[in-house]
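Enquirer: Would you mind keeping the following structure in view while I ask a few things?
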Amino acid sequence: MFVDLVEIEVKSGNGGPGCVSFRREKFVPKGGPDGGDGGEGGSVFIQVDSNLNTLMDLKYRKSYKATNGQPGKGGNKSGEDGKDVTVRVPPGTMIFNAETDELLADLIEDGEKYRAAKGGIGGRGNTHFKSPTNQSPRHADSGRPGERLRLRLELKLIADVGLVGYPNAGKSSLLKAMSEAKPKIADYPFTTLNPNIGIVNVEEFEIIRMADIPGIIDGASVGKGLGLQFLRHIERTSVLLYLLDGEKNDFLEDYNVLKQELEQYNWRLPTKPSIVCINKIDLWDEEMITLWKAELGEGYIFISAKEKIGLDDLKAAILKHKGEDNKENEFE
Ligand SMILES: Nc1nc2c(ncn2[C@@H]2O[C@H](COP(=O)(O)OP(=O)(O)OP(=O)(O)O)[C@@H](O)[C@H]2O)c(=O)[nH]1
Ligand SMILES: [Mg+2]
């Protein structure tokens, strides 16, 4: 199951209390203080594991608690620190404070780690409170409490290009034609229910990560079809690829609707670099292809995912845009 939005609770360990203790030695009737410090509470970390691609595990386990620090001991021995807990998440996971909505971290690289809840520090033992006026302090600090937080985790897949289109336009077919991915393809709408990512090999050291998301229809922004929730996965791609269904006479009308729906979701989305592709031209005759090419001019790419026509031109167009730095187009 693909899960891209979860809420979890994290709680770090409390610091252990400091110890009140006095040295007991033979022939020393009143030894000095020797109470050790409490151990530090364990922390809760969230760390990227590139083997993961869903937040599913967190759907079933919602609470993560690190253990408390141990109390300090006599003989100036510190208590043991609590054990840390690490929650593993896929690359592209954003962490928000669920109460304030503040973005706390945006974890991208494999191994990247964020301390979500810091363990409380241990209390100081009574050794620390010895002074010229108080040689036998009967006081130690209590440990500091850990933190408890509700977090919202949102997964935004990391891709270079995002496929946007009506159901049945052939988005999954295109992903399959260009990458090793094996998405489900069928002639009924909403075949794709969850995003898929495919790696398109371009040159020896160059790849394009392509994201196929569920189809969008008129009214998706008000919840029609599968809604627009999946657009979060194309929000940080460098390029949008509008895929239009050449089997339909009104495919250009679809293009306008798609742009409007995207704008409803996030007004900046349609301002990203984009490519418009007309698919299924294997169903067109030569004359029709020539006419449409003349009519639309530059900026439109004619392809057939099924017959693998025009895919090299498409790759080149994606690469051109991918080179334009993604950073300034990035938004949340
Ligand atoms: N003739 C022809 N048919 C195609 C082409 N590309 C896709 N199809 C067919 O169109 C239908 C829908 O293809 P999908 O790839 O599942 O479409 P999709 O856009 O992923 O659809 P959803 O997942 O429902 O949004 C399937 O029957 C495909 O075989 C093409 O280039 N030419
Ligand atoms: Mg599909």
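Enquirer: So E206 fits all but one of (1) in contact with a strand residue (DSSP E or B) (Cβ under 9 Å, 6 or more places away or on another chain); (2) in contact (Cβ under 8 Å) with a residue 24 or more places away in the chain; (3) not small (G, A, S); what number is the exception?
Expert: (1)
Yes/no matrix, rows are residues, columns are (1) within 13 Å of L243 (Cβ to Cβ); (2) within 16 Å of ligand 2 (Cβ to nearest atom):
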| position | (1), (2) |
| --- | --- |
| S131 | no, no |
| A159 | no, yes |
| L175 | yes, yes |
| A181 | no, yes |
| A186 | no, yes |
| N194 | no, yes |
| I208 | no, no |
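Enquirer: Among the listed residues I289, I309, I281, identify the single one that is within 16 Å of ligand 1 (Cβ to nearest atom), more than 31 Å from the chain's Cα centre (by Cα), more than 26 Å from R232 (Cβ to Cβ) and buried (at least 20 other Cβ atoms within 10 Å of the Cβ).
Expert: Within the list I289, I309, I281, the selection yields I281.
Enquirer: Tell me, yes or no, whether the range 224-237 has at least one residue that is acidic (D, E), assigned to a loop (DSSP other than H, G, I, E, B) and more than 16 Å from ligand 2 (Cβ to nearest atom).
Expert: yes
Enquirer: Then there's this: Of the residues that make up the range 103-118, is at least one free of Cβ contacts under 8 Å to residues at least 60 places away in the same chain and closer than 30 Å to R24 by Cβ?
Expert: Checked against the condition, which is being free of Cβ contacts under 8 Å to residues at least 60 places away in the same chain and closer than 30 Å to R24 by Cβ, the range 103-118 yields no hits at all.
Enquirer: Then there's this: Just to be sure I understand the filter: pairs with C-beta atoms under 7 Å, separated by 6 or more residues or on different chains, first member in the range 170-186 and assigned by TED's automatic domain parsing to the domain that holds C277, second member charged (D, E, K, R) and near ligand 2 (Cβ under 8 Å from one of its atoms). Which pairs pass?
Expert: Pairs found: K171/D212; S172/K184; S172/D212; L175/D212; P183/D212.
Enquirer: Of these, F205, F230, which one is out of contact with any Leu (no Cβ under 7 Å at 6 or more places or on another chain) and within 14 Å of ligand 1 (Cβ to nearest atom)?
Expert: Working: F205 fails: within 14 Å of ligand 1 (Cβ to nearest atom).
Checking each option against the conditions leaves just F230.
Enquirer: Going by the conditions given, is G38 in contact (Cβ under 8 Å) with a residue 24 or more places away in the chain, more than 30 Å from M94 (Cβ to Cβ) and buried (at least 23 other Cβ atoms within 10 Å of the Cβ)? Don't jump to the end; show me each part of the working.
Expert: On the way: in contact (Cβ under 8 Å) with a residue 24 or more places away in the chain: yes; more than 30 Å from M94 (Cβ to Cβ): yes; buried (at least 23 other Cβ atoms within 10 Å of the Cβ): yes.
When the stated conditions are applied, G38 passes them.
Enquirer: Continuing with this model, one more query. Out of the residues in the range 228-248 that are within 21 Å of the chain's Cα centre (by Cα) and of a type in the set (A, V, I, L, M, F, W, C), state the one that is nearest to Q264 (Cα to Cα).
Expert: Looking at the filtered set, the residue picked out is L228.
Enquirer: Against the conditions (1) more than 15 Å from ligand 2 (Cβ to nearest atom); (2) closer than 14 Å to M210 by Cα, where does L155 fall short? Just the number, please.
Expert: (2)
Enquirer: Another one. Between a residue in the range 11-27 that is small (G, A, S) and any residue that is in a strand (DSSP E or B) and surrounded by 24 or more Cβ atoms within 10 Å (Cβ to Cβ), which pairs come within a Cβ distance under 6 Å, given they are 6 or more apart or on different chains?
Expert: S12/V44; S12/A117
Enquirer: Exactly one of these conditions fails for E247: (1) closer than 21 Å to K280 by Cβ; (2) within 12 Å of ligand 2 (Cβ to nearest atom); (3) in a loop (DSSP other than H, G, I, E, B). Give me its number.
Expert: Of everything listed in (1) closer than 21 Å to K280 by Cβ; (2) within 12 Å of ligand 2 (Cβ to nearest atom); (3) in a loop (DSSP other than H, G, I, E, B), E247 misses just condition (2).
Enquirer: For the range 100-199, list the strands (runs of 3 or more DSSP E) that sit wholly inside it and hold at least 2 residues that are farther than 30 Å from S12 by Cβ and within 16 Å of ligand 1 (Cβ to nearest atom); which are they?
Expert: Per the criteria, 161-165.
Enquirer: Does at least one position in the range 281-292 carry a residue that is in contact (Cβ under 8 Å) with a residue 40 or more places away in the chain and in contact with a strand residue (DSSP E or B) (Cβ under 8 Å, 6 or more places away or on another chain)? Working first, answer last.
Expert: So in the range 281-292, the residues in contact (Cβ under 8 Å) with a residue 40 or more places away in the chain come out as none.
Checked against the condition, which is being in contact (Cβ under 8 Å) with a residue 40 or more places away in the chain and in contact with a strand residue (DSSP E or B) (Cβ under 8 Å, 6 or more places away or on another chain), the range 281-292 yields no hits at all.
The values are calculated or read from the model by the stated rules, or taken from the named source; none is laboratory data. Worth saying up front: this structure is predicted, and the values here are computed from it rather than measured. Here the Cβ is made from the backbone with ideal geometry for all residues, glycine too, and neighbour counts use every protein chain on show.
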